[in-house]
Amino acid sequence: MSRLQFRLEAQASGSRARAATFHTLHNAVQTPLFMPVGTQATVKGQLTQALEDSGSQILLANTYHLLLRPGPEVFRRTGGIHGFMSWKKSVLTDSGGFQIFSMAGERSMSEHGAAFQSYIDGRRILLSPEVSIETQVAIGSDIMMVLDQCIPSTADEATARAALELTQRWALRSLAARADSPQSLFAIVQGALFPKLRKESAAGLCELPFDGFAIGGLAVGESKAEREDVCEFTAQLLPQDKPRYLMGVGTPLDLLEAVHRGVDMFDCIIPTQVAQRGGAFTSRGYLQLRRGIYKFANQTLDPECDCPTCATYSRAYLHHLTKAGEHLGWQLIGHHNLHFYHGLMREIRQSILEDRFADLYARKRQILHATDLENPVFKQKPRKQMAFHLGDYEVHRAPEGFCSIRQISSGEIMHSRTPPLEEARRLYIEQSHLAARLLHTDPAPDAGPLVIWDVGLGAATNAMAAIQCYEALTNAEAETAPHPHTTTDADPAKSRIRPLQIISFENDLDPLRLASKHNREFTYLRHPGPAAILADAYWNSTKDPGLEWILLHGDFLANLAHAPAPDLIFFDMFSSKTSPDQWTLNAFRQIAEACSGRAAELFTYSCSTPVRAGLLAAGFHVARGCSTGDKVETTIALTPAACSPQAGSRHTLLSTPWLERWKRSSAKFPAGVPEEERPTFELSILGHAQFRIPSPQAS
C-alpha cells in the first residue's frame, strides 16, 4: 500500500488525462502538478513565499549537489530541508541519476555505484543506492527517488538493456536502504526507445512496494514525437492507483501532451532558465522580452495573469531589466512563468474534473506552441544579424540572449547553443578536474607548472575559464590564510597551488580583437590578460606569479614543437570542414608524439566517429565526454600513461559496442588516410589495447 494515500478522482473522456489527490508528510497534493526545480535548496531567483503564492505544491531538490554542499550532516543538525530553506510544503529529491548521465566523462561506473570527484573540494565520492537514500533521508524530503542509470534515449538495445537491469538491481537496494523511513519512494522506469524494454522494466518494478513510478530516460536525445509515443506507452504500464511522474519535461505544451497521455507530475528548469534570458510564457504565446518591439510597450506582460509581476510591471520595464542584465528581471519573469505553469495545471485539473479536457486540449495546443500572437516574428530575408564585425568574423547574438563569435565565410559559431564561458567551464574546466589538479597536495618537487594547450584561442573563452579557475583558488587560499600576526607552524608564503602555464595556439586574432572591442557582451574579457596577449603575446599575473599565459601565433602544427609538453589539451578548433588539416591522422599523431611518456588528456567538443578513430590510431585511448549544447557526448583522449592505475583515470572508455558500430560505419577514417593505408589503419583500431584489455571503466 502506498504511503501517499493516492485517490484517483476523475479521468477525462477520450483521453488518459486524470486528476487525483495524494498526501505527503507535509500537505495534500492535487494533480496534475508541476514541480519547480530547486537544485541546491533554492529555486533560482525565487523566495519560498513567492513560490507558495504562485501555487507550488512540491519543490524538487538535487541529492547529488546537496550531498557535496552543504552535506547530509547539516540537514541532520538543522532538522531537514524544510526548516533549512523555510519551505512548508513538500519536497521531492532526485537521486543523482541524472548527474551520472550528464557527467559521463567525469565518473566511473560499477555495480556498486558511480564514483565522482567533488567539484567542491576534489574528494572522491561513491554515489551508491545506499548513499543516495541515506542522503535523502537526512535531507528529509517527502518523496525520494531510487538511484538509476540514465542513458541517452537513442542508445542501442544492448546498452539500454544493461542500464535497465542495473537500474532494477539498484531499485531493490534503494528500497532496502529506506527501511522504516516514513518518506515515500518512487521507482524509475527505463528502457530508452524500446517498447519491450519499457514493458520489462515496468513489470519488474510494479511488483515491488514503491509509492509511485517515474518515467525516466526521456528528454535526453529523442525527438518530440518519440518522447510522446514512449511516454504514452509507458504510462499505460503503470498502476492506476499510484502517481506517475515524467522526469525533466518540459515546456507548457509538453506538459499538456503528457497529461493527455496519463501523467500526473512534472519537473523542469525551463520556467526560470528562459526567464534569465528574457523569455516569458503567456496567454498570448511565448514572448522574448529582448525584442526591441517591447522598448516602449507600456502594457502588462500578460493581461490574463494575476501574478504580482503582471499586476505591477510593464513589458517596457521587463525589457529594460533584461537588456541591462539586471537580476530583478530574471526574478520577476521567473515568478510569472512559474505562476503561468501552476495556473495551467489548475486549469487542466478543473477541466478533467468537469470532463471537458478534450475541448481545453484542442484549444491550448494552438496557443501553447505560438510565439507572441500580438507581435509575431516574421521570417526575413537573410541578412547579417549584427553590424559588429571584423575581417571574417561577426558578433552573433543567440535567441537566448548571449553573444558569441561567428565566422562569416563558414557560418560556424563559437559556442552556439550555450553561453561561451558556461560551455568552457563544463567541457574543459570541470571535465579536466582542473581545480583538483592545481590543488594536488604533494606534487613532485621538480614537477614544474601544470601546462595547458589551448588549441584554437578564438575569443579566449577557454583560456579565461582556466584563468578564472586559478584565480578563484588563490583567492580562496588568501581568505583562509592565517593572519600575519598569528602564530602558526605553516609558512604563509608557500602556496599549495601548483603554478599554471597556458599555451594558446591561434593563427587569426580577429575573433579575440572583435570580442575585446565588445566586452560589454563578452564580460569575461574585462581582464588584463587578453589585452596583454593581443599586444605582447604574453601575460604574467602580477597578483598570482604562478599564472602565465603565452600565445603562439601561427599554424598550430608548425608551432606545437616549440611549446612545452602539455598535461591538458583543450582542442577547440573550427570543425574539420573549416580547418581540415587540424583534424587529420597526421595532426593527432603529432599531438601524441608531443605528449609521449606523459599522463596527458585531450578534451574536444567533437564526438564524430572519424575523429575518435583518428585519435585511437594515433595511440590515444578514447573516452566519452560530457554532453554540452546540442551534443549528447563529447570526446576525451588519454595517453597510455593517463590510463594507468597509478594515474587513476576517471573517464569512461569506449568499448566493444562502439567498436562494433565503427566496423559498420560508412565514416571509419579521418581525413588524410590514403586508400592503400586503410587496411593498416583498420588493423590498428581492431588491435588497440583499449579493446584488448577489459576495463571496469569501459562502456
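How about the stretch 235-291: which strands (runs of 3 or more DSSP E) wholly inside it have at least 2 residues that are over 27 Å from E521 (Cβ atoms)? Lay out the reasoning, then the answer.
Details: elements: 244-246, 265-268, 279-282, 285-288.
Because the criterion is at least 2 residues that are over 27 Å from E521 (Cβ atoms), the strands (runs of 3 or more DSSP E) in the stretch 235-291 that meet it are 244-246, 265-268.
Quick check: is even one residue across the stretch 290-299 surrounded by 18 or more Cβ atoms within 10 Å (Cβ to Cβ) and without any contact (Cβ under 8 Å) to a residue 24 or more places away in the chain?
Yes, because at least one residue in the stretch 290-299 is surrounded by 18 or more Cβ atoms within 10 Å (Cβ to Cβ) and without any contact (Cβ under 8 Å) to a residue 24 or more places away in the chain.
If you go through the stretch 388-397 one residue at a time, do you hit one that is in contact with a strand residue (DSSP E or B) (Cβ under 6 Å, 6 or more places away or on another chain), at pLDDT below 80, closer than 27 Å to G325 by Cβ and not assigned by TED's automatic domain parsing to the domain that holds H260?
no
Which one of these does V74 not meet: (1) touching a helix residue (DSSP H, G or I) at 6+ places or on another chain (Cβ under 8 Å); (2) in contact (Cβ under 8 Å) with a residue 24 or more places away in the chain; (3) surrounded by fewer than 22 Cβ atoms within 10 Å (Cβ to Cβ)?
In the conditions (1) touching a helix residue (DSSP H, G or I) at 6+ places or on another chain (Cβ under 8 Å); (2) in contact (Cβ under 8 Å) with a residue 24 or more places away in the chain; (3) surrounded by fewer than 22 Cβ atoms within 10 Å (Cβ to Cβ), V74 misses (2) alone.
Residues of the stretch 514-531 being surrounded by fewer than 16 Cβ atoms within 10 Å (Cβ to Cβ) and not in a loop (DSSP other than H, G, I, E, B), which ones?
Correct list: K517, T523, P528, A531.
Just the residues that are over 16 Å from M144 (Cα atoms), part of a loop (DSSP other than H, G, I, E, B) and in contact with a Leu (Cβ under 7 Å, 6 or more places away or on another chain), please, taken from the stretch 1-45.
Hit for the stretch 1-45 is V43, nothing else.
For residues in the stretch 439-475 being modelled with pLDDT of 90 or more and part of a loop (DSSP other than H, G, I, E, B), which is farthest from A594 (Cα to Cα)?
Only one residue fits best here, namely A459.
Residues that are buried (at least 22 other Cβ atoms within 10 Å of the Cβ), at pLDDT 95 or above and more than 29 Å from the chain's Cα centre (by Cα): list the strands (runs of 3 or more DSSP E) wholly contained in the stretch 539-640 that include at least 1 such residues.
Details: elements: 547-553, 568-571, 601-604, 621-625, 634-638.
Hits in the stretch 539-640: 547-553.
The values are calculated or read from the model by the stated rules, or taken from the named source; none is laboratory data. Keep in mind that what you see is a predicted model, and the values were worked out from it rather than measured. Because the Cβ atoms are built from the backbone with ideal geometry, glycine has one as well, and the counts that use them run over all protein chains shown.
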